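Q: Dropping a structure here in structure tokens format, bear with me for questions.
Bear in mind that the values in this text are calculations on the coordinates, not laboratory data. Just so we're clear, the structure is a prediction, and the values are computed from it rather than from any experiment. All Cβ positions, even for glycine, are placed from backbone atoms using ideal geometry, and neighbour counts span all protein chains on display.
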Amino acid sequence: MNWIILIIAGLFEVAFASCLGKVKETQGTAMYFWFAGFLISLTVSMLLLIKATQTLPIGTAYAVWTGIGAVGTALTGIFFFKDPVTFWRIFFIMTLIGSVIGLKAVSSH
């Protein structure tokens, strides 16, 4: 169950990073709504990470959490913020995915 909580925490990390991207693109009221989304997503992500680390090793949990966030944010950047798509960018995103799967596979919990 804590792996599911950790995955959800990682998805909220993607959400807070994406909200930051929208904050810099917007102005006025819309900017404040995106900033509120950032604060809510950040809080939920951290609380879920804390919950997951109660039973999972901190090093593994943190690495998986940041890996999910990094991959998700990179893909969000490509699909929604027009970040460049290059061979090396995709290569290293795939490397991150492999690393997260590897950490899960060798974890004792």
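Q: Among the lysines in the chain, how many pairs, 8 or more places apart or on different chains, have alpha carbons under 30 Å apart?
A: 4
Q: While we're on this one: Using Cα atoms only, what is the angle between the long axis of helix 2-25 and the major principal axis of the chain, expressed in degrees (0 to 90) to the nearest 10?
A: 20
Q: Continuing with the same structure: According to the Kirkwood expression over distinct Cα-Cα pairs, how big is the hydrodynamic radius of the chain, in Å?
A: 14.6
Q: Starting from 0.36 nm per residue, how many nanometres of slack lie between Asn2 and Ile50 once their C-alpha separation is accounted for?
A: 16.2 nm
Q: Sticking with this one: By how many degrees, 0 to 90 and rounded to 10, does the Cα axis of helix 58-80 deviate from the longest principal axis of the chain?
A: Between the helix axis and the principal axis of the chain, the angle is about 30 degrees.
Q: Given R₀ = 22 Å, what would the calculated FRET efficiency be for Thr76 paired with Lys104, taking r from the Cβ atoms and rounding to 0.05?
A: 0.50
Q: Give me the distance in nm between label points sitting 7 Å out from Cα along the Cα-to-Cβ direction at Phe92 and Gln27, one decimal.
A: 3.3
Q: All other residues with a Cβ under 11 Å from the Cβ of Phe81 taken together, and with Lys, Arg as +1 and Asp, Glu as -1, what is their net charge?
A: That sum, taken over residues with Cβ under 11 Å, equals +1.
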